[in-house]
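> This is the structure I have questions about; it appears just below.
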Amino acid sequence: MLSTVRKPFVIGQSKGITLPAAMQINDKGISMAASDRLIIMDTTGEIPHEALLQFFTNYVEPAFKQWQEGREHKETAARPGGFRPMEAEEQTPTQAKPGRVAIPPGFFPGPLVYEVTCPRCGRRFGWDVAGYGRKLYCFYCGMPIELIL
Ligand SMILES: [Zn+2]
């Protein structure tokens, strides 16, 4: 396998690049297929260019597109201030630092609402203990519940 950077040169209306000398290159002609940014060549010229295009369309381009989207996703997630999926933040809870929040003037705290999980149906709901006491019925199944605080 080989990877390289080549500087294109202008040749008429087209641009040329040199192929690595170590490659087997058919001087009678090579076959190629390309999109707007990728190119695939058979330097032996044995594979007809139509077949090469089919291979390129069916395998190279879809794989490249998927791979490229993964790269862009990673770059975006790594960039400070970039958009991140929420699960990416949840994976690194140790990086979170405690923050301080200023409560705006004139703000009065609301009722203290506990989250209650029903022991019968398992559904959750909020319950204002200060306003309605410790005895309640499940909003969903009607199960009587007494909160132990
Ligand atoms: Zn219930």
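Quick note: the coordinates plus some simple rules give every number you see, no bench work behind them. Since we're looking at a predicted model, the values are computed, not measured. Cβ atoms come from the backbone with ideal geometry, glycine included; neighbour counts cover every protein chain shown.
> Across the range 43-60, what is the total count of residues that are in contact with a helix residue (DSSP H, G or I) (Cβ under 9 Å, 6 or more places away or on another chain) and within 18 Å of residue 16 (Cβ to Cβ)?
0
> Identify the residue in the range 125-142 that is exposed (fewer than 13 other Cβ atoms within 10 Å of the Cβ) and more than 16 Å from residue 112 (Cβ to Cβ) and, among all such residues, is nearest to the ligand (Cβ to nearest atom).
Selected residue: 141.
> For a quick check of your reading of the model, give me the residue pairs whose first member lies in the range 136-149 and is touching a residue at least 24 places away in the same chain (Cβ under 8 Å), whose second is near the ligand (Cβ under 7 Å from one of its atoms), with beta-carbon atoms closer than 9 Å and at least 6 apart or on different chains.
What qualifies is 143/118; 143/120; 143/121; 145/118; 145/120; 145/138.
> Show the residue pairs that are 6+ apart or on different chains and have beta-carbon atoms under 7 Å apart, the first residue being within the range 11-29 and closer than 13 Å to residue 41 by Cβ, the second being exposed (fewer than 10 other Cβ atoms within 10 Å of the Cβ) and of a type outside the set (Phe, Trp, Tyr).
The qualifying pairs are 20/2; 20/4.
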